[in-house]
Amino acid sequence: MQRIHRLSRREIKTILHYTGYACLLLAVAMLFPLAVAVIYNEPQYLIPFILSSLISGIFGFILIKIFKIELEFSIKSAMIFSTIIWLIGCALGALPYYFSGELSYLNAYFEAMSGFTTTGFSMFSNLDVVSYTINFWRAFTQWIGGLGIIFLLLVVLRSTGADVMRLYLAEGREERLRPSIKHSTRIIVYIYLFFTAIAITLFYVAGMPLFDSVFHAFTALSTGGFGMHNTSLLFYNSVWIEIAAMIVMMIGATNFALHYTVLKGKWKEYFKDIETKIAYSLIIISTILVTLMLYNNQVYGNNILLNFRYALFQMVSAITTTGLQTAFYPDLLAKWIGLGTFLLTILMIIGAGSLSTGGGIKWLRFGILLKGITWQVKSFILPGKAVMAKKIHHVSELKITDDVIRITGAFVFTYFVIYIISVIIVLIYYPDISRVIFEVSSALSNVGLSSGIITPTSPDLVKLVFIIDFWMGRLEIWPILLLITIIINNMVRRRK
């Protein structure tokens, strides 16, 4: 039992070795904004990004050379690696913001964590004046985070089959597109690149400038939600751009295994899938309710189509965990207060599809729990020896065991425990419970819809709570709890 709660030196060396490769990957990523700095005549950002890239590259090279692989990844060490690499990756990803003088280091770390975890909260007080180069890095971190740092690492590493499989599982991914994990990762990257091109085209055709189209393709497809302007997508005030954004957000929030199935010609599977049924049912019901509420209160006048437009966009943004906004604080809480903000909060918590770029509890888990309630009720009626078939359709027919239901329930319970703890801490500084409940659900589900609580001047402890929520939400909790367990166990062992 002690070995389960401890990391051996050989495991630590393996973790640090792979961490070096992730640092090299980030070093290469930091070179891309240099082209933007040249194109848009922003030479002041060349040194910050070159310096950040060098630090990341040198650090990675040292880790690779000093620490050699002495052991294959176990599930435990892979999960620990997945927790640590996000912390280190964000620490390095924050350097361009800090070296350029745009943000303090804590705010820069917040921005990097929000970017890589595809959350969307920002520490920039005035987005309208942020440079092209910095905006590209903001969007690019979300595009990278949509796939995941570890996921990209799997594409470039020549790892053993066991290592790849365990790293794949460690980042909360259980489904495969092909029997080989390596083939699955490459296929997902190809699909991601394909949809990125489609997203850029959609935004450009809808009327966005080219740079804005690239920026929002990165942030919408990754369900990240960073915006270029203080008023997010409302800045463009275009129904066509909003339609394009909703299409891209739904693509990003949909299971990539389902995308792969549809692209192979099995398009009927999309409508049979439990996640599709859950997502669209929730969007339709919530949009109708909020439209009626907005129209009844004439929030956007007596034009029901205009009220429908605002309701639909925010519901899609919430359930895909993207965070792009057309409704803002104080209007969001002054005019949407009650039913509107309550439904947005529920949709953010439920979140997006499994094996997607989105966060939250996930449509699949929500569907399993709903089915679980039905199965439990039926079990009271059936004879004692009767066997009930517990199946759902998710890409294919899946048999749901009692263990799956138990683990799903445990995850949801743990999610809400973390959520409640975060709410309590933030309430110490912000007594408005409706805003805090809204904002924390947005943080823990990696959404980024804001009620105006989090700003560059927020208390440092609140920022740290949100950073931890971003991190835990992106990694789906279990790897971080394992790391905490190992740390506590080691502390107790040393005291003895």
Boolean, T345 is of a type in the set (V, I, T), in a helix (DSSP H, G or I) and closer than 15 Å to S441 by Cβ: yes
Out of (1) of a type in the set (F, W, Y); (2) surrounded by 24 or more Cβ atoms within 10 Å (Cβ to Cβ); (3) modelled with pLDDT of 95 or more; (4) outside any helix (DSSP H, G or I), what's the single condition that is false for F110? (4)
Residue that is modelled with pLDDT under 95, touching a Gly at 6+ places or on another chain (Cβ under 7 Å) and farther than 18 Å from L343 by Cα, where the choices are N302, N255: N255
Condition first: surrounded by fewer than 22 Cβ atoms within 10 Å (Cβ to Cβ) and closer than 19 Å to G448 by Cβ. Now tell me which residues in region 91-101 satisfy that. none
I241 vs (1) free of Cβ contacts under 8 Å to residues at least 40 places away in the same chain; (2) under 18 Å from S445 (Cβ atoms): all pass except (2)
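For region 22-38, which positions are among the β-branched types (V, I, T) and either buried (at least 22 other Cβ atoms within 10 Å of the Cβ) or without any contact (Cβ under 8 Å) to a residue 12 or more places away in the chain (or both)? Outline the logic, then answer.
Pass one, region 22-38, residues among the β-branched types (V, I, T): 28, 36, 38.
V38, the sole residue that qualifies.
Can you name the residue in region 422-437 that is in a loop (DSSP other than H, G, I, E, B) and not acidic (D, E) and, of all such residues, is farthest from E111 (Cα to Cα)? Quick ask: steps written out before the conclusion?
So in region 422-437, the residues in a loop (DSSP other than H, G, I, E, B) come out as 430-432.
Now drop any that are not not acidic (D, E), which leaves 430-431.
Working: Y430: 21, P431: 25 Å.
Going through the qualifying residues, I end up with P431.
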Look through region 199-241, keep the residues that are among the small types (G, A, S) and either part of a helix (DSSP H, G or I) or touching a Pro at 6+ places or on another chain (Cβ under 7 Å) (or both), and return whichever of them is surrounded by the most Cβ atoms within 10 Å (Cβ to Cβ). A220
Tabulated pairs, region 327-346, first aromatic (F, W, Y), second surrounded by fewer than 16 Cβ atoms within 10 Å (Cβ to Cβ) and assigned to a loop (DSSP other than H, G, I, E, B), C-beta under 6 angstrom, 6+ apart or interchain: Y329/G452
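Residues checked against (1) surrounded by fewer than 17 Cβ atoms within 10 Å (Cβ to Cβ); (2) at pLDDT below 90; (3) of a type in the set (V, I, T); (4) under 17 Å from M123 (Cβ atoms):
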site: P383; (1), (2), (3), (4): yes, yes, no, no
site: I400; (1), (2), (3), (4): no, yes, yes, no
site: G409; (1), (2), (3), (4): yes, no, no, no
site: Y419; (1), (2), (3), (4): no, no, no, no
site: L427; (1), (2), (3), (4): yes, no, no, no
site: A443; (1), (2), (3), (4): no, no, no, yes
site: S451; (1), (2), (3), (4): no, yes, no, yes
site: G473; (1), (2), (3), (4): no, no, no, no
site: W478; (1), (2), (3), (4): no, yes, no, no
State which residue pairs qualify: first residue charged (D, E, K, R) and inside region 191-205, second residue surrounded by 13 or more Cβ atoms within 10 Å (Cβ to Cβ) and assigned to a helix (DSSP H, G or I) in any location, beta carbons under 9 Å apart, and separation of 6 or more residues or different chains. none
Considering residues of region 438-496 that are among the hydroxyl-bearing types (S, T, Y) and part of a helix (DSSP H, G or I) only, the residue nearest to M250 (Cα to Cα): S442
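Tell me, yes or no, whether region 214-229 has at least one residue that is touching an Asp or Glu at 6+ places or on another chain (Cβ under 8 Å) and either on the phi < 0 side of the Ramachandran plot or touching a residue at least 60 places away in the same chain (Cβ under 8 Å) (or both). Before the answer, list the steps.
To start, the set of residues in region 214-229 that are touching an Asp or Glu at 6+ places or on another chain (Cβ under 8 Å) comprises 228-229.
Remaining after also requiring either on the phi < 0 side of the Ramachandran plot or touching a residue at least 60 places away in the same chain (Cβ under 8 Å) (or both): 228-229.
Looking through region 214-229, at least one residue is touching an Asp or Glu at 6+ places or on another chain (Cβ under 8 Å) and either on the phi < 0 side of the Ramachandran plot or touching a residue at least 60 places away in the same chain (Cβ under 8 Å) (or both).
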Unique residue being of a type outside the set (V, I, T) and surrounded by 15 or more Cβ atoms within 10 Å (Cβ to Cβ) when the list is S458, S434: S458
Test each condition in (1) in contact with a helix residue (DSSP H, G or I) (Cβ under 9 Å, 6 or more places away or on another chain); (2) on the phi > 0 side of the Ramachandran plot for M246 and report the one that comes out false. (2)
Answer residue from region 299-325, given it is β-branched (V, I, T) and surrounded by 22 or more Cβ atoms within 10 Å (Cβ to Cβ) and is farthest from the chain's Cα centre (by Cα) among those: V316
Of residues in region 361-377 being assigned to a helix (DSSP H, G or I) and among the aliphatic types (A, V, I, L, M), the one surrounded by the most Cβ atoms within 10 Å (Cβ to Cβ): L364
Just for region 182-198: of the residues that are of a type in the set (A, V, I, L, M, F, W, C) and within 18 Å of T261 (Cβ to Cβ), which one is surrounded by the most Cβ atoms within 10 Å (Cβ to Cβ)? I188
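Return yes when I284 is under 21 Å from the mean Cα position of the chain (by Cα) and either over 21 Å from T223 (Cα atoms) or at pLDDT 90 or above (or both) and no when it is not. Write out each step before concluding.
Details: under 21 Å from the mean Cα position of the chain (by Cα): no; either over 21 Å from T223 (Cα atoms) or at pLDDT 90 or above (or both): yes.
Criteria not met by I284.
One line per residue, one yes/no per condition, for (1) of a type in the set (V, I, T); (2) at pLDDT 95 or above; (3) surrounded by 15 or more Cβ atoms within 10 Å (Cβ to Cβ); (4) more than 24 Å from the chain's Cα centre (by Cα):
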| site | (1), (2), (3), (4) |
| --- | --- |
| N41 | no, yes, no, yes |
| F59 | no, yes, yes, yes |
| I64 | yes, no, yes, yes |
| I69 | yes, no, yes, yes |
| E72 | no, no, yes, yes |
| A78 | no, no, yes, no |
| T83 | yes, no, yes, no |
| G89 | no, no, yes, no |
For the structure I just gave you, tell me whether I150 is within 19 Å of T320 (Cα to Cα), outside any loop (DSSP other than H, G, I, E, B), modelled with pLDDT under 95 and of a type outside the set (G, A, S). no
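The values are calculated or read from the model by the stated rules, or taken from the named source; none is laboratory data. Computed from a predicted model, the values in this text were never measured in an experiment. Note: ideal-geometry Cβ built from the backbone for every residue, glycine included; neighbour counts use all protein chains shown.
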